[in-house]
2 protein chains.
Amino acid sequence: MRTSQLLLATLKEVPADAEVISHQLMLRAGLIRKLEAGGLYTWLPLGLRVLRKIENIIREEMNQAGAQELLMPVVQPADLWEDSGRWAQYGPELLRFKDRHQREFCLGPTHEEVITDLARRELRSYKQLPMNFYQIQTKFRDEIRPRFGVMRAREFLMKDAYSFHINWESLEQTYQVMFQTYNQIFSRLGLKFRPVLADSGNIGGSSSHEFHVLAESGEDAIAYSDQSDYAANIEMAEALAVPDQRPEASGVEKATVETPQQHSIEDVSQFLNIAAQQCLKTLIVKGEEDSLVALVLRGDHNLNAIKAEKLSAISSPLTFASDEEIEQQIGCNVGSLGPVGLSIPTIVDRSAAQVVDFVCGANQNGQHLTGVNWGRDLPEPELADIRDVMAGDPSPDGQGTLDIARGIEVGHIFQLGDKYSAAMNANVLDEQGKSVTMIMGCYGIGVSRIAAAAIEQNHDDKGICWPAAIAPFQVAILPMNMHKSARLAEAVAQLYDELTAAGMDVLLDDRKERPGVMFADMELIGIPHRVVLGERGLDDGMVEYKSRTDKDNQHIARDEIVSFLSGQLKKSV
Amino acid sequence: MRTSQLLLATLKEVPADAEVISHQLMLRAGLIRKLEAGGLYTWLPLGLRVLRKIENIIREEMNQAGAQELLMPVVQPADLWEDSGRWAQYGPELLRFKDRHQREFCLGPTHEEVITDLARRELRSYKQLPMNFYQIQTKFRDEIRPRFGVMRAREFLMKDAYSFHINWESLEQTYQVMFQTYNQIFSRLGLKFRPVLADSGNIGGSSSHEFHVLAESGEDAIAYSDQSDYAANIEMAEALAVPDQRPEASGVEKATVETPQQHSIEDVSQFLNIAAQQCLKTLIVKGEEDSLVALVLRGDHNLNAIKAEKLSAISSPLTFASDEEIEQQIGCNVGSLGPVGLSIPTIVDRSAAQVVDFVCGANQNGQHLTGVNWGRDLPEPELADIRDVMAGDPSPDGQGTLDIARGIEVGHIFQLGDKYSAAMNANVLDEQGKSVTMIMGCYGIGVSRIAAAAIEQNHDDKGICWPAAIAPFQVAILPMNMHKSARLAEAVAQLYDELTAAGMDVLLDDRKERPGVMFADMELIGIPHRVVLGERGLDDGMVEYKSRTDKDNQHIARDEIVSFLSGQLKKSV
C-alpha cells in the first residue's frame, strides 16, 4: 500500500487525556480515534490491520485445536439471563435496555447464556461431545470509568470460546488443549507472556488460568518462581510460612512501652528502632452477622483481601470495621491494636505466627507491647494464609523463590463446570441413555486489548516497536525526494513490486514530505523493517536498511535486498 | 473438515414459523438459529462459513477499488445524531438507550454520523481527497416485525462505505468505480442480479442505484428493458404515455348510464362490457393544508404513491381522503367518482389522457358517464406520471419495451452530496485555501441478507444449490459404510488429504449414518460437488461424481478425480 492511499493520521503532540503509553501511541500513530463519549473507539485503517492480524492468528490456532467458529448476536434477550440467574446478579456493567415492544435486552458483555441456550437445543447425545465453539465478536461492558484507550474500553472485540462435555475428565482434556493453544497463540503474536494460576472470580467454576502480557505498566501483579513454571496472580499465589519453622525465643519478658502518637508500623518500628517484620499488625474486619474478627500479619506484609474473604468466619466482600466500632468494642484506636488479650476471634497469617519476641499494639491508646511470644503471652494462634506473597518468598511448589512481575491480562481460561448448564437445563443423554447435565469450560481472549498490551511491552521513545506478526506492515520503503526524480520513482515502484510479489506486506511512503517527517512517522507507527532509497543509491547500487530496533543503518546491495528482507522476516516469525 | 467435528444441525421438518424458502432452508440446513426474541440469530459454524466467504469477496473487491477498511463502534452517542438532525427524525427503528451515567446512545442502524465526525476531525485538505472508507460491521434496526430470517433481521451484518470528495465531479468518479465494483462483487458471488435506478428515499441525496438479486420471491418489482441496460425499481421507472398520441375520438356523445351497486373498475367494465383500459379511475388524496386533489388513471393502471407524493400539490406522505370527506365535498361515494365537472384540482396520468370515448364515474351515486372525451366534455387535463409501469410499456430510454422481474435488494449506492457534511460542518481547504463542505457518497451491501437471497435464487426441492464461490464447502466426500471397512476408511482419508492438498474446501461425512441420510444432508446443505466412495469402487478403481444440480452420477476413475474436480471448480468460478 502507498501512504497516499492510506489515512495516515499521525500526531506530533501527546493527546492530553491519554494516561498510559499504549493509549498515547495508538492515538499518535493514528491506529484509533475516540468518539466523543468515553470508551468507544473507531479503529482507523492502520489500527484495523493490526487487529485483523491478531484475529487471524487466534482463528488459525482455534481451528487447529478443533474449535468451531460461530457468531452470536451482540444484543441478547433478558429471558436468557433470567434463566441463568445473572439478570439480577450482574451489576451496572451490564447495559440493559428495552426494544420498541418494551421487551428487555442487554448488550452482551459475555455469551455464556446464548451459547448454553444453543447447546441445550442442539446437543442431544454424549456422541456429539466434546464440542468447543468460539466467536470473535463485539462485546460491551458499561465500565463506570472507561480508561487507558482500548485497554479498558466499553465496546471491545473479544474471542470467546465455550466447550461442552459429558464429564469433568473430558473438560480437563479440552482445558489442557486450550492451555496449549493459548501458549501457541501468544507465542505466535510475538509477545512475552506468562500463564498464571488465577482466581476464577464471580464467573464461577473451579480451575482457571490467566494469560498475562508482561509489561511494567501492567495492572496485575504476578508471582512466579525463579526455578519452575509456577506462576500465579498475586491474588491467588499461596504464601507459605516464612521462616518455615518458628525460631527459638530469646527469653526476654513481655513489656509495655509508651508509644505516644505512633500509629503505623513505620512509626512504631522507627520509634522503637526495630525492623518492620519484628512488628505484627492487627486489622479488624467484619465477620458473620456484623461481629468483628481480627486479622494479624507481619508488619512488612500486605493483607490479601481475596484470600481473607474466602474464610468462612469473614464476611464477603471484605469490610473493615470503622474507627467507632473498634473504639467501642476494643477500647483503643486503630494504631494501638494487638492480638494479646483480644476478646474477638483472631486469625493469624502463617508468617506472623513464626515471629518471636514481637512488638504489637497493647489495645490501649499510646501503648505497645514488646517481647511478645505466641504460646507464652497469648495462645497459639488459628492460622491461615491471608497475605500477598512478596519477592523472595519461597515458591509454593517447593521449587525456588518467588519473584514479582507486572502483567496485562489478555486471556483467561476457566473450568466452569455445571454453573450455567445446570441453571439452564443443558442436558444430554449419556451412554446409558440417562439425562446428564453437561460440564462446560470457557476461554476468552481480549483481542483489541492485545494491540494495546503489545505496545506497552514493545515501544521506545520514538514510538511503537511492533512484533513482526502483528505489525500493520512488515516493511516500509522510504524514498528520498522521489518527486524530484522520475528515475528514483521508477526504481522505487520496481522495488515495491518485487517485495509485494515476494509476499511481503509493504508500505511505500510516497508523500511529498521531508525525510525527517517520513522517518519519524514510520518509527512512530512501528514498522519492523525500513528500506531507504535515494538518488545516490541508484548510482552505487545500494540501499539503506534498518530494523525498527537497530541503532544503525546497514548498506545492502539493491540486488540482494529482497532475499535479505525475506531472511529478516523469517527470523522474526 | 469432518462432519464428526462439525455441528451439523440439519432438520427434517420445515420449521413452523419460517415463511420464505430461504428462511426454511437456512434453519433446516443448520446455518442459523433464532434466539427466543425475534430478529436475532446465531450463525452456526456451517452458516458462518458462507458469511465469511461473502465478506471476503466484498473485502477483496473494495480493497481493489482503493477503499480503506476501518471499524466503527456498534454503540453510537446521541450527540452525533443531534448534530446531523437525525436523532429527532429517525423513527423507532433507531434503538435508543441510556448508559449508567444517563447519557443517551443508540445502536447504529447506519454510520453516516460516526464517519462524518471522523472525517471532519481527520481530513483537512483537498490533497487528502477523495477518500473512501468502509467497514463490515454489525448493524441493528428495531424492525416492528422482523421476518424472513436473516432477510429482515434486527441485528445483521452490513458492509457500509462512505466516500469524501472536494466536489461533485470527484463523487461521480468514485460512484462509477463503486458501481463497477458492485457489479464485480455480485458477479463473483455467482448471483443473477441487476443494478437498478432507485429512489434515494429519506437517506437524502440525488443519484442512487440498487442492486437486486433476481428471485421470484423478491419483495421488490424491477422494470427492465428487453433491448437495453435500462432497469429501475418500479417505484422509480418512468411511465411514458401509452399510446404515445391520442387517437381520434369516434364522435359518440357523452351519456349518463345507471350503474347501481357497480363500484370497482372491474364491476363497471363487466357491467358495461368494455375493457378496463377504456375506463378511468379517480382517486381523491390530500393536498396542501387538508385540501383535496383528484388523481385520474387508466382503469388497468396502478397509482405509484412515490411518484404522486413528489408532486408539489400533494401532501407527503400520500394520504387518501376518507369516505366522509369525499361524500361531503364531492357528494357521492368512492365508486362513482369521475373527472367531469369536478371542482377540486385534478392531476391526470399521461396514459389516462390518451384515452378517448372513456367511461368514468358521474360524481352521482349509481351513475357513470360513457363516451367522454378530453377537451370536449371537460378541459384538457394537467398531466403527470403517477402510475406504475407495466410489462409491455415502452422503455423510458426509448429502447425496447419493459418487462417486470422480482428482486431482493442486496446493495444500494447513493450520491449523498452535502446532506451530512453540511449539517456536521465537515469542511476541508480547497486549492485556493478556502474552506469548502465535502461532498459524500455512501455504498451499502447487506452481507447477511446475501446468504438468504442466494438461497431464494438457488434451491430445489432437496435443498440449497449454493453458487460455488459461497458454498460452505466445495466438495463433499460420502463414504458408503466406511465403519465396516478399514480398507475403505484408509482410501477415503487418502482422497480427503489429496483434495485438501489441492486447495479444495472439503467436507468428509464420517458419520455412522445410512447412505440415504448422508445424501439427503449433503443435498440439503447444498455442497456443489459430491464424490461417493464404496467398497466396490476400491475394486474397480472408480468413484461416483455428481454436481449438486446434475441429475445423474458420473463414474470417474479414482486416479483422475482430483484433476477432474479441479476442472469442475475452475468452471464454476
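Data for the structure
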| read-out | value |
| --- | --- |
| Checklist (1) closer than 12 Å to B:SER448 by Cβ; (2) more than 10 Å from chain A (Cβ to nearest Cβ); (3) not hydrophobic (A, V, I, L, M, F, W, C) applied to B:ARG147, failing item | (1) |
| From A:VAL75, A:VAL50, residue being surrounded by 22 or more Cβ atoms within 10 Å (Cβ to Cβ), among the β-branched types (Val, Ile, Thr) and more than 7 Å from chain B (Cβ to nearest Cβ) | A:VAL50 |
| Residue selected from the range A:228-245 under the condition surrounded by 12 or more Cβ atoms within 10 Å (Cβ to Cβ) and among the charged types (D, E, K, R), by the criterion farthest from A:GLY400 (Cα to Cα) | A:GLU235 |
| Options A:ILE326, A:ILE344, A:ILE330, A:ILE306; residue that is of a type in the set (A, V, I, L, M) and exposed (fewer than 15 other Cβ atoms within 10 Å of the Cβ) | A:ILE344 |
| Residue in the range B:149-172 that is part of a helix (DSSP H, G or I), charged (D, E, K, R) and in the same structural domain as B:GLY218 (by the TED database) present | yes |
| Criterion violated by A:LEU8 - all others in (1) out of contact with any strand residue (DSSP E or B) (no Cβ under 6 Å at 6 or more places or on another chain); (2) within 10 Å of chain B (Cβ to nearest Cβ); (3) not in a loop (DSSP other than H, G, I, E, B) satisfied | (3) |
| Residue check, A:MET178 buried (at least 21 other Cβ atoms within 10 Å of the Cβ), under 13 Å from A:VAL410 (Cα atoms), more than 13 Å from chain B (Cβ to nearest Cβ) and not small (Gly, Ala, Ser) | no |
| Criterion: buried (at least 21 other Cβ atoms within 10 Å of the Cβ) and assigned by the TED database to the domain that holds A:ASP160 - qualifying residue of A:LEU7, A:LEU94 | A:LEU94 |
| Which numbered condition A:GLN137 fails, given (1) surrounded by 18 or more Cβ atoms within 10 Å (Cβ to Cβ); (2) in a helix (DSSP H, G or I); (3) of a type outside the set (A, V, I, L, M); (4) out of contact with any helix residue (DSSP H, G or I) (no Cβ under 8 Å at 6 or more places or on another chain) | (2) |
| Residues (surrounded by 14 or more Cβ atoms within 10 Å (Cβ to Cβ) and small (Gly, Ala, Ser)) located in the range A:471-488 | A:ALA471, A:ALA476, A:SER485 |
| Residue check, A:ARG188 out of contact with any strand residue (DSSP E or B) (no Cβ under 9 Å at 6 or more places or on another chain), among the charged types (D, E, K, R) and more than 30 Å from A:LEU35 (Cβ to Cβ) | yes |
| Count of residues meeting criterion [within 10 Å of another protein chain (Cβ to nearest Cβ), basic (Lys, Arg) and either over 23 Å from B:ARG145 (Cβ atoms) or touching a residue at least 60 places away in the same chain (Cβ under 8 Å) (or both)] in the range A:82-123 | 2 |
| Flag if B:LYS139 is in contact with a Phe, Trp or Tyr (Cβ under 8 Å, 6 or more places away or on another chain), within 11 Å of chain A (Cβ to nearest Cβ) and within 29 Å of B:GLN173 (Cα to Cα) | yes |
| A:GLN24 being of a type in the set (S, T, N, Q), more than 10 Å from chain B (Cβ to nearest Cβ) and closer than 20 Å to A:ARG449 by Cβ | yes |
| Exclusive hit being touching a Lys or Arg at 6+ places or on another chain (Cβ under 9 Å), modelled with pLDDT of 95 or more and buried (at least 17 other Cβ atoms within 10 Å of the Cβ), set B:ALA353, B:ALA362 | B:ALA353 |
| Options B:ALA454, B:ALA502, B:ALA491, B:ALA468; residue that is surrounded by 22 or more Cβ atoms within 10 Å (Cβ to Cβ) and of a type in the set (A, V, I, L, M) | B:ALA454 |
| Odd one out for A:SER84 among (1) of a type in the set (S, T, N, Q); (2) touching a Gly at 6+ places or on another chain (Cβ under 9 Å); (3) surrounded by 18 or more Cβ atoms within 10 Å (Cβ to Cβ) | (2) |
| Test: A:MET158 is over 20 Å from the mean Cα position of the chain (by Cα), of a type in the set (A, V, I, L, M) and within 14 Å of chain B (Cβ to nearest Cβ) | no |
| Flag if A:LEU70 is touching a Leu at 6+ places or on another chain (Cβ under 6 Å) and either farther than 25 Å from B:LEU6 by Cβ or facing chain B (nearest Cβ under 9 Å) (or both) | yes |
| Filter result (basic (Lys, Arg) and either outside the structural domain of A:GLU219 (by the TED database) or not in a strand (DSSP E or B) (or both)) within the range A:173-201 | A:ARG188, A:LYS192 |
| Qualifying residue in the range A:80-88 (condition: assigned by the TED database to the domain that holds A:PHE414, over 30 Å from B:LEU11 (Cβ atoms) and of a type in the set (Gly, Ala, Ser)) | yes |
| Count of the range A:101-130 residues which are assigned to a loop (DSSP other than H, G, I, E, B) and farther than 22 Å from B:LEU94 by Cα | 6 |
| Every residue from the range A:518-559 that is part of a helix (DSSP H, G or I) and exposed (fewer than 14 other Cβ atoms within 10 Å of the Cβ) | A:ARG536, A:ASP539, A:ASP540, A:ASP559 |
| Subset tally (residues that are farther than 22 Å from A:ALA241 by Cβ, outside any strand (DSSP E or B) and not hydrophobic (A, V, I, L, M, F, W, C)) for the range A:335-386 | 8 |
| Test: A:PHE320 is without any contact (Cβ under 8 Å) to a residue 40 or more places away in the chain, under 23 Å from A:ALA384 (Cβ atoms), assigned by the TED database to the domain that holds A:HIS368 and aromatic (Phe, Trp, Tyr) | yes |
| Positions within the range A:33-47 being closer than 23 Å to A:LEU191 by Cα and either more than 8 Å from chain B (Cβ to nearest Cβ) or among the small types (Gly, Ala, Ser) (or both), in sequence order | A:LEU46, A:GLY47 |
| Lone unmet requirement of (1) more than 28 Å from A:ALA153 (Cα to Cα); (2) surrounded by 18 or more Cβ atoms within 10 Å (Cβ to Cβ) for A:HIS412 | (1) |
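The values are calculated or read from the model by the stated rules, or taken from the named source; none is laboratory data. Since the model is a prediction, treat every value here as computed from it, not as a measurement. Counting neighbours? That spans all protein chains shown, and the Cβs are built from the backbone with ideal geometry, glycine included.
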